[in-house]
Amino acid sequence: MSEDFLHGRQWIEFLLKLRAEEQGQATLPKEIDNCIILLDECISFFGCLQFSYFQEIRNQQDNEDIYERRAYALLSGAIAHYLFCLRQLSVKGLDVGARAICRITSEYIDTLALLLEKDLAQVFCESQEPEAANKFWHTHLSKGKLSDINDNFYRKLNLSSDQIKEDKKWHREETSVLSSTIHPSFMAAYIASSSGSWEQKNVLGAYLGGFDYSQFRTIRYILIKILVFIAGHPEFPFETPKGRLLEHGIMHDYVRNGLIVIPKVCSLLLADPRNPMFSRESGRLASVDGVS
């Protein structure tokens, strides 16, 4: 086809140029940038976790806990990948796409938690065909199947019944917000087509993105998800009954450091009343003391 008929690229590049000129040297809003810094730590943490497990698998002389090691390595790598995708969309103001990625990332974290709680690593690793993978998801992950895993987490944190009730309500609400952008609907289309356009008068096209409060909710959700995963599984990865990560090298040191730094920094953000991302009004987990 003649290039005379292909004007899409020129149009998009023109719009992006205009947008860049509008924004000038503007930087990310401080509240978002602070949380992107923590998100970068999480990406590095899971990336180093994957590398460490891969390294141990290569050096392993037998097949002891091989399914656990493979599963933990691949899931950690997938989480790092999707967190990076979420980061790139967020810094460009493309929150609707970031929500879809956030929902996917959340399920990968849930799957890792499931394998740490139940002896399903071999089944997971062997569910490689689409039909088997779909069966694994429907059997172990879909429609509230993880409720017992979540209850076990609450027991580990010694939360009160009121705190548990409040957190579950927050989680249901935020998950529904993320899920609403995945399936086609009037409101999903409205959010996608008007994202960032009203406050910023973005006449160049809503699909180019923009910054508003929605970014806070999306990033907050996944950071809290990671926080509660780490807090709820203090034995992972160095003290797990199966697939224990041995310590030898700088990557292992970084993983151990992340287990300390990420919860500490995240809990500080949760406790900071000046940060609208984690205020009691916008993030119910800010009232839960068990994560500090």
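Any read-out appearing in this document is the output of simple, stated calculations on the displayed coordinates, not a laboratory observation. Bear in mind that the values here come from a model prediction, so they are computed numbers and not experimental data. With ideal geometry, Cβ positions are generated from the backbone for all residues, glycine too; neighbour counts draw on all protein chains shown.
The table that follows gives values for the structure above.
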item	result
Whole-Hz ³J(HN,Hα) from phi, Karplus 6.51 cos²θ - 1.76 cosθ + 1.60, for the stretch 89-101, glycine and proline x	5, 5, 6, 9, x, 9, 6, 4, x, 5, 5, 4, 5
Estimated FRET transfer efficiency (Asp40, Trp11; beta-carbon r; R0 45 Å; 0.05)	0.85
Gain upon complete extension [Ile57, Asp33; 0.36 nm per residue less C-alpha separation]	5.0 nm
Rg(Cα)/(2.2 N^0.38 Å) for the stretch 49-112, N = residue count	1.37
Within straight-line cross-link reach of Lys168, lysines at Cα separation under 30 Å, skipping those fewer than 8 residues along the same chain	Lys30, Lys118, Lys135, Lys143, Lys145, Lys156, Lys225, Lys242, Lys264
For the stretch 11-149, alpha-carbon Rg over 2.2 N^0.38 Å	1.32
